[in-house]
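Colleague: Handing you a structure now.
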Amino acid sequence: MFDELSIDLRKRMESSSQSAKSEISGIRAGRASPGMLDSIKVEAYGQKMSINQIGNITTPDPRTINVEVWDASNVTLVDKSLRESNLGINPIIEGNLIRLPLPQLTEERRDEFLKVIGKIVESAKVAIRNIRRDGIEKVKNSEKEKNISQDESKKFQSDIDNMTSEFIKIIDEAHKHKEEDLKKI
């Protein structure tokens, strides 16, 4: 019983931490990176798609990202999604090519990014704690129904707490790394 629960909890916690790490990596820290556009979705062909599914993303220099959209009818959709994102970039359209010139990071913008990262990290931690709570609830219910002993219940709960700490540590490390990145520039 606990093996299945453990695998399920680990998958869910890993998914939450990966999602947070992906969002954090999308926040720019000076250099242009195609990963900055990963979290931006475009409403195209009747569904939400990543920009890299709609065109080629390149970085010709450290201050520019180019998006070469394959289908000309999607250029305005990509432009709209980029403008509505929290990147603070004004796209320049040249036919099927969208140029994203990255402005120099100001102290004010850096602080703004740090706040955004803090919110992402906190919501990921809350998600992981909720997964922990679900797991512990299931273990306690099994104990109540006499499916497992009190000792097993305590051990399982301890294992779930350790797993929770492991994933929160991963998120904290990603947070710390990105914070250092932002402050370095």
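Laboratory data are not the source of any read-out in this text; all were calculated from the coordinates shown. The model shown is predicted, which means the values in this text are computed figures rather than measured ones. Cβ atoms come from the backbone with ideal geometry, glycine included; neighbour counts cover every protein chain shown.
Colleague: Calculate how steeply helix 107-144 sits against the longest principal axis of the alpha-carbon atoms of the chain, using the helix alpha-carbon long axis, and give the answer as 0 to 90 degrees to the nearest 10.
Modeller: Computed tilt is about 30 degrees.
Colleague: Need one number for segment 31-101: average projected area of the convex hull over its C-alpha atoms, nm². Intermediate values should be presented prior to the final figure.
Modeller: Working: hull surface 16.4 nm².
Taking a quarter of the hull surface, the average projection is 4.1 nm².
Colleague: Based on the Cβ-Cβ distance from Asp8 to Ser123, what FRET efficiency comes out when R0 is 30 Å, to the nearest 0.05?
Modeller: Numbers: r = 21 Å, r/R0 = 0.70.
FRET efficiency, Asp8 to Ser123: 0.90.
Colleague: So if I place +1 on the C-beta of Lys and Arg and -1 on the C-beta of Asp and Glu, and nothing else carries charge, what would the dipole magnitude of segment 33-185 be about its Cα centre? I want it in debye, nearest 20.
Modeller: On the way: 25 positive and 27 negative charges, 78 e Å.
Computed about the Cα centre, the dipole is about 380 debye.
Colleague: Another one. Only loop residues by DSSP count here, and only those with at most 10 other Cβ atoms within 10 Å; note down the GluC sites (Glu not before Pro) in segment 132-183 that meet that.
Modeller: Working: sites: Glu137, Glu143, Glu145, Glu152, Glu166, Glu173, Glu179, Glu180; in loops: Glu145.
Listed in order of number, the matching sites are Glu145.
Colleague: Output the relative contact order of the chain, whole-number percent, from Cα pairs under 8 angstrom with separation of 6+ residues.
Modeller: Values: 219 pairs, mean separation 46.6, N = 185.
RCO, the chain: 25 percent.
Colleague: Right, another one. Could you name the aspartates and glutamates in cross-link range of Lys184, using Cα to Cα under 16 Å and dropping any fewer than eight places away on the same chain?
Modeller: Glu107, Glu108, Asp111, Glu112
Colleague: If the cut-off is 28 Å between C-alpha atoms, which lysines fall inside it for Lys155, apart from same-chain ones fewer than 8 positions away?
Modeller: Candidates past the 8-residue exclusion: Lys11, Lys125, Lys138, Lys140, Lys144, Lys146, Lys169.
Colleague: To continue, here is another question. In segment 45-181, if the dipole is taken from +1 on Lys/Arg beta carbons and -1 on Asp/Glu beta carbons about the Cα centre, which of Ile93, Ile57, Ser149 is farthest to the positive end?
Modeller: The listed residue farthest towards the positive side: Ser149.
Colleague: Give me the dipole magnitude in Debye, nearest 20, for segment 22-65 about the Cα centre, with unit charges on the beta carbon: positive for Lys and Arg, negative for Asp and Glu. Don't skip to the end; give the middle numbers.
Modeller: Details: 5 positive and 4 negative charges, 17 e Å.
For segment 22-65, the charge dipole is close to 80 debye.
Colleague: Enumerate the aspartates and glutamates that Lys119 could reach by cross-link, defined here as Cα to Cα under 12 Å, with residues fewer than 8 away along the same chain left out.
Modeller: Correct list for Lys119: Glu23.
Colleague: Arrange the peptides 5-11, 37-43 so that the one whose residues have, on average, the most other Cβ atoms within 10 Å appears first. Before the final figure, lay out each step's value.
Modeller: Numbers: 5-11: 15.1, 37-43: 17.4.
Answer by packing, highest mean first, reads 37-43, 5-11.
Colleague: Next question, about the same structure. For the peptides 101-108, 49-56, what is the packing order when you average, over each peptide's residues, the other Cβ atoms within 10 Å and list the highest mean first?
Modeller: Working: 101-108: 11.5, 49-56: 17.1.
Ranked by mean Cβ neighbours within 10 Å, highest first: 49-56, 101-108.
Colleague: For the chain, find the longest principal axis of its Cα atoms and tell me its angle to the long axis of helix 2-25, 0 to 90°, nearest 10.
Modeller: 20
Colleague: If one takes the longest principal axis of the Cα atoms in the chain, at what angle in degrees, from 0 to 90 and to the nearest 10, does the Cα axis of helix 150-184 lie?
Modeller: Result, in degrees: 20.
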